[in-house]
Structures are given as structure tokens and as C-alpha cells.
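J.: This is the structure, below, for whatever I ask next.
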Amino acid sequence: MKLVFAGTPEVAVPALDALIASGRHEVAAVVTRPDAPAGRGRRMVASPVAERAEEAGIEVLKPAKPRDPEFLDRLRAIEPDCCPVVAYGALLPRVALDVPARGWVNLHFSLLPAWRGAAPVQHALMAGDEITGASTFLIEEGLDSGPVYGTVTETVRSTDTSGDLLTRLAFAGAGLLAATMDGIADGTLDAVPQPADGVTLAPKITVEDARIDWAAPALRVDRVVRGCTPAPGAWTTFRGERLKLVQAVPLPDRNDLAPGQLAPGKNNVYVGTGSYAVELLWVQAQGKKPMRAADWARGARITEGELLGD
């Protein structure tokens, strides 16, 4: 098939690579979000997908909105058979959905109908899911509600951050998307409607969602830290300033600390929760780089009994 691939962040690059390498399909163009300011200098930078497409000599389209007439005219001129999508980052209007004969097929990082929305991996971790995965489905105008072509499962590890899990799913999902394109081209793959039961939503994680509630159980604290790493980053407050929590480990054997109560040791920093303690391994103070929690505690001259949180 002739394909137009739509995607923007680094997590979409493995899928683009898989389609380029498949040899069965022509990636005629790539659609991605416009260049955006990045870094301290705030210079305009192309998306990871745009950079990879340019390296491969593929035409790159960067519409401000996918309903822009110039973009739609160019899409129609290319005459794609199908448009695979991975984390493009913009809603596709009906006028765009109608262009490819075999539709737009999205690679979504959950086992649909679970975790429809922008942050499926983060929500899966924060909910304590033991199994997750990726799905390919035909895009409709509803939120991730279209019929599913295929799935791949992935075990959630006890130490996974959302970054770890998303990286594994990006590569597993790349193979799934390529296989889905093959099945659609061969006429051997039919999309199956999603069940009405089991629908859960995964809206974008806000900064407030990433705030640690020290009265919550240690397992909840652990899930929020892992689910919000690397972005937006779990956080709390200390002495009136924000402190980001990069890595923490639950300690079921220690339950002598009140919620938020700090207990610094020579090489360890413990903090109480609503159940048992957690050990802080890596933190990031406001305006500083990430550092070992014990080094942070020594530098801040923390005394036992001081509290995290308001």
C-alpha cells in the first residue's frame, strides 16, 4: 500500500522505521506537528518523526491544523491507501479521515477499550495494572473507540516507570503496526468492534495529578512516582519549595513514620506514608539537577521529623 504516516514524538519513530524497513509498503509522506521551541535558547526544533523522515528522504508535511486546505489538497494528491498513526498529537477531522481508501489506523498504547485517551501508559501504572499492551484500530471520530485490528501484550514490571514501559511498547507496537498494514493489504485482517464493557479513560496527566499525597498508602505513592516519570514528574513540597521525586522504593518493614515525616540516615532518606515508609533514592530540588536523595538531605541539613508536603 501507499502510506502516509502521522506521528510526532520519539515514541513514534520505531513504528516509522518498521514501516520503512518492511519493504512491502511505500511511505510516501509523513505528517507531523509543526516545529516547536525547545531547550534553553528556545530555538525552533523539528519533531523526532520529522527528523527521521528527512533522513530517509521522505516528504514531511507540518500543517498547523489537519483541516488546513493546503494540507488536505496535498494529502488528496498523494492518494494514500492507508494512513498509520502513532502519537500524532492533533484531532483528525472527518474531511481528513475520508481521504485514504482504507482509513487511518492508530497504534494506541493500551489494550482497548481500557485506557482510551492521551496518557494510557501513565494511567496503567498509576492504577497498578499487571498487564498492558498496544492495539491497532481504525480511527473514528470518537475517542479511541474504533474497531480493533490487533493487539500485543506486555507485562508491567514492578520497577517500571512510564518511560520504561512506553519504550518497550513502542518497539512491540511497531511490529504490530507493520503486521496490521500487511493484513489490511492482503485482505486477511478485519477490524473487530470494541466491547462496550471495560472502557476506562486516560486523560492527560496534569501537574496536580502528579502531586504526592503522603497520607495515601506507600503503594499509591510508588505508583504515582513511577507513572509520572519522566513526565510530568511526581512532586511534593519541602520548606515551601517544590521537590521532584525521581525514584522511590516502598519499605513494608518500616512503619514508624507519620505521613510525610522525613528520617534521614547516613546513606538513606526515608519518608512516612499512610501505610509504611518509602525510601527516597533520587530527587530533584527546585532549580537543581537530579541527585541522590542522601546527598540532597546532607546539603539541605534535614533534621529528623521535618515534613514533606504542606
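J.: Looking at (1) in a strand (DSSP E or B); (2) under 26 Å from ILE205 (Cα atoms); (3) open to solvent by 40 Å² or more (accessible area, probe 1.4 Å); (4) of a type outside the set (S, T, N, Q), which is the only condition ASP310 fails?
T.: Only one criterion is unmet by ASP310, namely (1).
J.: Which residue is surrounded by the fewest Cβ atoms within 10 Å (Cβ to Cβ), if the candidates are limited to region 139-161 and must be farther than 23 Å from LEU219 by Cβ and out of contact with any strand residue (DSSP E or B) (no Cβ under 6 Å at 6 or more places or on another chain)?
T.: Going through the qualifying residues, I end up with GLY142.
J.: Also, quick follow-up: List every residue pair whose Cβ atoms sit under 6 Å apart, with the two residues 6 or more apart in sequence or on different chains, where the first one lies in region 85-103 and is in contact (Cβ under 8 Å) with a residue 40 or more places away in the chain and the second, anywhere, is small (Gly, Ala, Ser) and buried (at least 21 other Cβ atoms within 10 Å of the Cβ).
T.: VAL85/ALA6; VAL86/GLY7; VAL86/ALA12; VAL86/ALA15; ALA87/GLY7; ALA87/ALA12; TYR88/ALA6; TYR88/GLY7
J.: Any residue that is modelled with pLDDT of 95 or more and in a loop (DSSP other than H, G, I, E, B) - is there at least one of those in region 43-55?
T.: yes
J.: When residues of region 171-216 are filtered for being part of a helix (DSSP H, G or I) and either in contact with a Ser or Thr (Cβ under 7 Å, 6 or more places away or on another chain) or modelled with pLDDT under 95 (or both), how many remain?
T.: 4
J.: Scan region 217-274 residue by residue and report those that are in contact with a Pro (Cβ under 6 Å, 6 or more places away or on another chain), open to solvent by 40 Å² or more (accessible area, probe 1.4 Å) and either not small (Gly, Ala, Ser) or not in a loop (DSSP other than H, G, I, E, B) (or both).
T.: VAL246
J.: Which condition number in (1) in contact with a Phe, Trp or Tyr (Cβ under 9 Å, 6 or more places away or on another chain); (2) open to solvent by 20 Å² or more (accessible area, probe 1.4 Å); (3) within 22 Å of PRO14 (Cα to Cα) is the one that GLU59 fails?
T.: In the conditions (1) in contact with a Phe, Trp or Tyr (Cβ under 9 Å, 6 or more places away or on another chain); (2) open to solvent by 20 Å² or more (accessible area, probe 1.4 Å); (3) within 22 Å of PRO14 (Cα to Cα), GLU59 misses (1) alone.
The values are calculated or read from the model by the stated rules, or taken from the named source; none is laboratory data. Only a predicted model underlies this, so the values are computations on that prediction, with no experimental measurement involved. For neighbour counting, all protein chains shown are included, and Cβ atoms are generated from backbone atoms with ideal geometry for every residue, glycine included. These area figures cover heavy atoms from the full protein model, side chains too; ligands, DNA and RNA do not enter into them. Shrake-Rupley method; radii C 1.70, N 1.55, O 1.52, S 1.80 Å.
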